[in-house]
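Peer 1: One structure, as structure tokens, below. Some questions next.
The values are calculated or read from the model by the stated rules, or taken from the named source; none is laboratory data. Keep in mind the model is a prediction, meaning the values are calculated, not measured. Positions of Cβ are generated from backbone atoms using ideal geometry, with glycine treated the same way; all protein chains shown enter the neighbour counts.
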Amino acid sequence: MRCPACGHEEDKVVDSRSTKENSAIRRRRECIACGHRFTTYEYVEHRPVMVVKKDGRREHYSRDKIMNGLLRACEKRSVPTETLEKLVDEVEKAVAGRVRDEIPTQELGNEVMTRLAGIDQVAYVRFASVYRDFKDINQFLAELKGLLEAKE
């Protein structure tokens, strides 16, 4: 680790602790040469996960893409952004144990929809209509009927 002040390569760790979420280790360091103190964070390196699209294309997993889809589905709905962030965290946690190097977009979308249905049904239908690419009103009605039956 190079000192950000003088560039010296030797330092000592003064303090070490986990972050609030236990997702990283925060280390307080002091340069041996100049005494400058600085902080570093140590994270577990995750290998990149590829999402396999319906047409077979592969692209890197993007938390932002899921979040943007949820924000559009929840537009003009009373769903707090924190709730959506938590939903994405839950999806990532649920998928993490099952994921190899690739995950089909259907599996990812189903995880999102399962959780979204319990938060806001209108947002669920909006998300499902885009995700499942409804071709006509009958597919839309079938999804609504399924939602109503599950509610009873």
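Peer 1: Of the residues that make up the range 75-97, is at least one on the phi < 0 side of the Ramachandran plot, surrounded by 10 or more Cβ atoms within 10 Å (Cβ to Cβ), of a type in the set (A, V, I, L, M) and without any contact (Cβ under 8 Å) to a residue 12 or more places away in the chain?
Peer 2: For the range 75-97, residues on the phi < 0 side of the Ramachandran plot, surrounded by 10 or more Cβ atoms within 10 Å (Cβ to Cβ), of a type in the set (A, V, I, L, M) and without any contact (Cβ under 8 Å) to a residue 12 or more places away in the chain: present.
Peer 1: I'm checking my understanding of the structure. Among residues of the range 14-50 that are of a type in the set (A, V, I, L, M, F, W, C) and assigned to a loop (DSSP other than H, G, I, E, B), which one is surrounded by the most Cβ atoms within 10 Å (Cβ to Cβ)?
Peer 2: Residue satisfying both the conditions and the ranking: Val49.
Peer 1: Out of the residues in the range 115-126 that are more than 13 Å from Leu84 (Cα to Cα) and among the β-branched types (Val, Ile, Thr), state the one that is surrounded by the fewest Cβ atoms within 10 Å (Cβ to Cβ).
Peer 2: Residue satisfying both the conditions and the ranking: Val122.
Peer 1: Which of the following residues is at pLDDT 80 or above and hydrophobic (A, V, I, L, M, F, W, C): Val49, Val99, Val44?
Peer 2: Residue meeting the stated conditions: Val49.
Peer 1: Any idea which of Glu82, Glu107, Glu92, Glu59 is closer than 20 Å to Val122 by Cβ and among the acidic types (Asp, Glu)?
Peer 2: Exactly one residue qualifies, and that residue is Glu82.
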